[in-house]
Structures are given as structure tokens and as C-alpha cells.
Amino acid sequence: MTQQGAVLQGYNNELVKCIEDLCMQKEELNKQIQQAEEEKNKLQHEIQVLSKQLECVSENLAQKVASRNELDKILAETEAAYMKILDSSRTLLNVLKKEVGSLKHTPEVKTS
């Protein structure tokens, strides 16, 4: 019986050792889980902050694009008006040159 008791005691010691090892693994895993949850919370907070920043930048960008589009429209209208002015100036210059040319061929009127 003593021998059976010694064997049983050996099994018991081994079982206790295995249970202690499992408890240590559980504690280590709990630490890792806690660290992972803290990292997750930190990242979620950073995502919220970055999402707000992205929203602000997107709104700002949209306003700037709208302003640029308005400026493009104004520039196009101004350039078109300027081209009309140039065309009118060229037409006026051509008419003036013709008038001056026809005056040179007109006989002078003598006054007494």
C-alpha cells in the first residue's frame, strides 16, 4: 500500500504542477489580453481623432475646389471678354487705317 500511496502522491504532485502551469499560462494570457484591449482602445481613439481630422480636411478641400472652380469660371469669362475687346480693337484699327488711307487719296480742298 505504501508503494501505491507513493505512486498516487507522484501523480498528485504532477497534477498540481500541471494545474500551476495552466494557471500561469492563464495569467500570462490575461496580461496579453489586457494589453491587446488597451492597444485596441488606443487605436480606436486615434481612428476617431483621425476621422474628425479627415472630415475637416475634406470639407476644407471641397470649399477650395469650389473656389477654384468659381475662379476658373471667372477667368474663362474674363478671357472671353478680353478676346472680344482685342477683336474689336483690331476691327477698329483696320477701319481707322482704311479711313486714313482714303483721306490720303482725297484731293485737298483749297480755301480762299
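The values are calculated or read from the model by the stated rules, or taken from the named source; none is laboratory data. Computed from a predicted structure; not experimentally measured. Neighbour counts are summed over all protein chains in view; Cβ atoms, including those assigned to glycine, are modelled from backbone coordinates with ideal geometry. The area values use the complete protein model at the heavy-atom level, side chains included, leaving out ligands, DNA and RNA. Shrake-Rupley method; radii C 1.70, N 1.55, O 1.52, S 1.80 Å.
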- Taking segment 1-25 and keeping residues of a type in the set (Val, Ile, Thr) and at pLDDT 95 or above leaves Val16, Ile19
- List every residue pair whose Cβ atoms sit under 9 Å apart, with the two residues 6 or more apart in sequence or on different chains, where the first one lies in segment 20-46 and is touching a residue at least 24 places away in the same chain (Cβ under 8 Å) and the second, anywhere, is outside any helix (DSSP H, G or I). none
- Note on the structure: Of Glu99, Glu55, Glu38, Glu77, the only residue that is at pLDDT below 95, in a helix (DSSP H, G or I) and open to solvent by 90 Å² or more (accessible area, probe 1.4 Å) is Glu99
